[in-house]
1. In the list B:103, B:119, which residue meets the criterion of being in contact with a Pro (Cβ under 6 Å, 6 or more places away or on another chain) and farther than 28 Å from residue B:60 by Cα?
2. So, in the stretch A:171-228, of the ones that are aromatic (Phe, Trp, Tyr) and surrounded by fewer than 18 Cβ atoms within 10 Å (Cβ to Cβ), which residue ends up nearest to residue A:276 (Cα to Cα)?
3. I'd like to know if the stretch A:399-420 contains one or more residues that are closer than 30 Å to residue A:185 by Cα and within 14 Å of chain B (Cβ to nearest Cβ).
4. Working only within the stretch B:205-248, note down all residues that are charged (D, E, K, R) and away from every other protein chain (no Cβ under 14 Å).
5. Looking at A:235, A:315 in this structure, which one is of a type in the set (Gly, Ala, Ser) and within 14 Å of chain B (Cβ to nearest Cβ)?
6. Spot the failing condition for residue B:157; the list is (1) more than 12 Å from chain A (Cβ to nearest Cβ); (2) basic (Lys, Arg); (3) within 25 Å of residue B:347 (Cα to Cα), and only one is missed.
7. Filter the stretch B:27-37 down to the residues that are over 18 Å from residue A:241 (Cβ atoms) and surrounded by fewer than 19 Cβ atoms within 10 Å (Cβ to Cβ) and list them by number.
8. Does any residue of the stretch B:131-147 turn out to be of a type in the set (D, E, K, R) and farther than 26 Å from residue B:33 by Cβ?
Amino acid sequence: MHGFIQYIQSYLDSDKTPGGAGNIFWATVYILLVFAGLSVAVIAMNWLERKILAHMQVRLGPMRVGPHGLLQPIADAIKLLLKEDIIPAEADALVFWVAPFIVVLAAFTVFVVVPFGPTHAITDMNIGILFMLGVSSLSVLGIVTAGWASNSHYPLIGALRSSAQMVSYEVAMGLAVVSVILMTSLSSEGGTLSMIGIVQAQQAQGEWFIFKFFPLGLVGFFIFAIAMVAETNRAPFDLPEAESELTAGFHTEYSGFRWSLFFLAEYSAMIAVSSIAVTLWLGGWLRPFPNALTGPTWDLVFSLFPGITFLFLAAICFYNTARMPKHPLFRVQTMGLAGFGVVLALIGLILFIHGVRVRVQDIYWFTAKVGAFMYLYIWYRGTFPRYRFDQLMKVGWKVLLPTGLVLLILTALVGMRTELWAELQGVWRP
Amino acid sequence: MTDPNALSPLDLETPDKTFLDANELVINMGPQHPATHGVLRVILRLDGEKVMGLECVIGYLHRGVEKIAENRTYTMFNPYVDRMDYVAAVSNGLGYCEAVEKLLNVEAPPRAQYIRVILTELNRIASHQLWLGTHALDIGAITPLFYTFRDREEILKIFEKYCGARLTTHAFRIGGLQYEAYDGFEKDVKNFVNFVKPKIDEYEELLTTNRIWLERTKGVGKISGKDCIALGVTGPVLRASGVKWDLRKAQPYANYKNFAFEIPTGENGDTYDRYIVRMVEMRQSLRIIEQAVEGIPEGPIMAKVPKVMKPPVGEIYHSIEAPKGELGYFIVSDGSTQPYRIRVRPPSFVNLQALDLMCRGQLVADVIAVIGTLDIVLGEVDR
């Protein structure tokens, strides 16, 4: 028993990622954790999106299944799994069957390199960011095959739109990413493509890359932030599944479980690109002001945040429990909401324990930043009309791409300014 | 028409070879499609995303309203007209009642006229709100829909309090009104006017200067004033093309000549201008309502009309400015209790003719925008 605890302890105190340590068991545990966490996140996003969007649109959203519709995603999942699985007679059955899996695989695989903390990643590749961009762009293959295999007009047009869109926005996205990689090369360790290395470079240079060479970092961030919305086919760039034009775009012919795979993939892709943005520009797992507000007091203050967040959520639950209708019909729901609050409060209290607090805060800050992006996604959806196809292409090729190129050159020039200056002086004053 | 050959009928059987030897794509949009506002079916002929031409197939909501009229008395037919343009039922009722009144040679008393104008203008706002919500939804902005429906609810509440119905109101009777305005009607209307003014600003805040909205609507679905007249297009679509033609001013009916209001016109005849024209129209309707509610005279609400109506032999055409354009009723009377023939000139049906002209050479997404901006109601197109 003691040996087992020590075994676990050695994992927790290790300064390597499971992949880096070459430990298959440990890596498997991490993979399962990430997969489970991602599924929970998608379920939570489903509920949150509907609720937040509803409140933006002066309505309530799901209210019936569970208190404040908390069980709605579960009810939806059950409905989707029980639905008849239809493969249209005219469809190319094999490709139709494979397509959703390609999309899901691409969306999940990228999480192999996402760093939730300095050691909390399944593995740390030296080409991490390249891997992420490469694998996440594979999902376009799934979408195109889905549209093609459906053998129907709307999905076909949706697939065409989607492939053109994703390919063109990847270029701008790549340019923004390269500008960050140039920034990492200013660290003493030299440039890196590793996701963990990029965050460590920000730590070493003492600022998030969004503020680096103001406003260059900010511009790069904006290019990426726009391109990533287009990349995940979300509003205002949701042309491939534009409901009012193409009914449901590339997944028009899909139903039940296969459809839910597309849904799962879309949301995990959103989380994936958001985590790239967080890692590259917003300091990944670093807490706010890691260099300015140092010392044990500040460390303590910031490490209390996870617990406080959960207690706050619990407080919201309790407040709403008090506001529930007093009618006996609502008794179960009221108790359920209170119970949910108690669970959240307990998690919050556990997060105050020193050993947990210290280990969990990296994950917390990373998740909080990704969560902010998720909120942005919902906010966009509530605010913007949809771009037209030619306008989308125009924004991609005529605005983002040139801006990205200029940004790249400027970043290089500014990054090399001391060397350049020395060089110039050498030329002018021999 | 600028070029009559440009609108030759579509040959849907033999797809042409286009760029890179790709075949043209013929796709079928509707009758069950989220953005065709009911059961409109559009057959699109596409080159990639570009629309080479389209054809509307209508009739999925045909109920034979005009034929029904021939077997009903004048009074009995009155509720049927509400079912044509069901989002502007009050306007339909006004047009029909006035047409029959003209045939009978009676006039509704002033008090009835004022209340009619208030309800009709409220209905115009409700209709435009519904148009705005669905149009924005088609272009991809979901939020305005809920804002407009929230505010339209207040109008429907007033209708409900007045006559018990919300949508197909049957608010007017031939010769005036059946119901006196309920207690607090004026107050409700005034409250509504004050309530909705900032709300219209709110819609505009979401859309008018929104970059994406501008790009999606400016220069989309252009139609010139000349083409509008040639096709018989009326209403906001005509006015947005720069033709200042509003029947409330041009051939004043009811008592519209008593009220001061402007007729907004556009310049470019594109989707954005039509949007702006309708937004201004909502404000102008509020202006009319404000004036009317201040000046409701006392007096009877019903003119002297016989219980059994037997209009003299003859025919009459009467048209009003419905929210969507000129709504005309042509009634032939053979002197019996039932009309010999009623022909309705529905604005949506006539405006829909312009769809092909407005969409050629544009993209698929624009077809949706243009269907939205034409503001058609299929109940009225098919009757």
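1. The conditions single out B:103.
2. A:222
3. yes
4. B:222, B:226, B:227, B:239, B:244, B:246, B:248
5. A:235 is the lone residue from the list that is of a type in the set (Gly, Ala, Ser) and within 14 Å of chain B (Cβ to nearest Cβ).
6. Among (1) more than 12 Å from chain A (Cβ to nearest Cβ); (2) basic (Lys, Arg); (3) within 25 Å of residue B:347 (Cα to Cα), the lone unmet condition for residue B:157 is (3).
7. Within the stretch B:27-37, B:28, B:31 qualify.
8. Scanning the stretch B:131-147 turns up no residue that is of a type in the set (D, E, K, R) and farther than 26 Å from residue B:33 by Cβ.
The values are calculated or read from the model by the stated rules, or taken from the named source; none is laboratory data. Just so it is clear, the structure is predicted and the values come from calculations on it, not from any experiment. As a convention, Cβ positions derive from the backbone with ideal geometry for all residues, glycine included, and neighbour counts pool all protein chains shown.
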